[in-house]
Amino acid sequence: MKKAPTRTKLDTTRQLRTTAFAPGEYIRVVPLHYPKPAVPIADLARRRAAEERDFFGGRQAPIPAKAQLTYRGGPLLQNPEVFTVYWGRTWGTTPSSTALMTRLNGFFADILVSPLIDQLAEYDVPPQAIGHGSLIGTDVISSAAPSESVTDSAIQSHLRKWLKAEPMPKPTRNTVYFVYLEPGIVSIMGGGRSCQNYCGYHNNVGPVYYAVMPYPACDGCLGGLSAFDALTGTSSHELCEAITDPVPGSGWYDDVNGEIGDICAWSFKQVAGYTVQLEWSNRQNKCA
């Protein structure tokens, strides 16, 4: 049996450069801090090929030399209203899970009126002006909770059901639902899996905006941080992206580097006592 020729890194890069991506495939994930050598989803493959860098080295990804977000004409969240959903059978059943929910809700209440939101004002597009937001509520849902994994399409289906049956506010042009999964549940989106390809993502189903935050139970999604700090870091990443690009690829976006948080992934600072991610600033031409 003839042995197949060895594929080099250069061969792989050439193939990725020539791959045709379907319309609507936009980077909207928190990438791994220490990525495993798994087959990447198409979104991340495009970014990796374009930047010609090794994501498997276990080091923080360098900030790209050239990045520029451009506005694509879509909606922005002017005064973001966050509703947290803790989906699973174990949320609220132990002191530690209850404490974590309380701390995450406190994070949103504080961060939505913090300088992190103020810095996004440079992306105002008249008449859409980005300002402070609020945490508008929270819910713990145990019904039909996944036992091993959950796909993005399943999240969308359940979100529709929850909005009809559960005591959660109906979506407005500013609402974003943050869905937190319990430990041990794998999120599946676009062919990728949490802790293999990404650590969280945001998306939309029609006018409903949401983010999915798997529990960080791997080195790639902890990045040397505590679970709480990793969650505030990745949640701030998705929050700022949901504000500036709620329909992925239709708001502020960079065709090579992705959204405002993707450019600065895994670079952090402290705001209001919380670990949050740096976000790209067109005005300063750096992560800030």
Please verify whether the stretch 120-135 includes one or more residues that are touching a residue at least 60 places away in the same chain (Cβ under 8 Å), in contact with a Phe, Trp or Tyr (Cβ under 8 Å, 6 or more places away or on another chain) and open to solvent by less than 40 Å² (accessible area, probe 1.4 Å).
-> yes
Expected output for the stretch 67-87 (first residue on the phi > 0 side of the Ramachandran plot, partner surrounded by 16 or more Cβ atoms within 10 Å (Cβ to Cβ) and among the hydroxyl-bearing types (Ser, Thr, Tyr), Cβ below 7 Å, 6+ apart or cross-chain) is 73/250
Worksheet item: What do you reckon, is residue 199 over 23 Å from residue 123 (Cβ atoms) and touching a helix residue (DSSP H, G or I) at 6+ places or on another chain (Cβ under 7 Å)?
Response: yes
Scanning the stretch 137-176 for residues that are of a type outside the set (S, T, N, Q), farther than 22 Å from residue 97 by Cβ and touching a residue at least 40 places away in the same chain (Cβ under 8 Å) gives 152, 160, 163, 169, 173, 176
Residue 68: passes all of (1) under 21 Å from residue 176 (Cα atoms); (2) open to solvent by 60 Å² or more (accessible area, probe 1.4 Å); (3) not in a helix (DSSP H, G or I) but (1)
Listed by range, strands (runs of 3 or more DSSP E) wholly within the stretch 175-214 having at least 1 residues that are aromatic (Phe, Trp, Tyr) are 175-181, 198-205, 208-213
Note on the stretch 193-208: residues within 23 Å of residue 246 (Cβ to Cβ) and surrounded by fewer than 24 Cβ atoms within 10 Å (Cβ to Cβ) are 203, 204, 205, 206, 207, 208
Of those in the stretch 71-119 that are hydroxyl-bearing (Ser, Thr, Tyr) and assigned to a helix (DSSP H, G or I), the residue least open to solvent (accessible area, probe 1.4 Å) is 97
| Is it the case that the stretch 29-46 has a residue that's at pLDDT below 95 and in contact with a Pro (Cβ under 7 Å, 6 or more places away or on another chain)? | yes
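The values are calculated or read from the model by the stated rules, or taken from the named source; none is laboratory data. Fair warning: this is a prediction, and the values are worked out from it, not measured in the lab. When we count neighbours, we look across all protein chains shown, and the Cβ atoms used for this are built from the backbone with ideal geometry, even at glycine. These area figures cover heavy atoms from the full protein model, side chains too; ligands, DNA and RNA do not enter into them. Shrake-Rupley method; radii C 1.70, N 1.55, O 1.52, S 1.80 Å.
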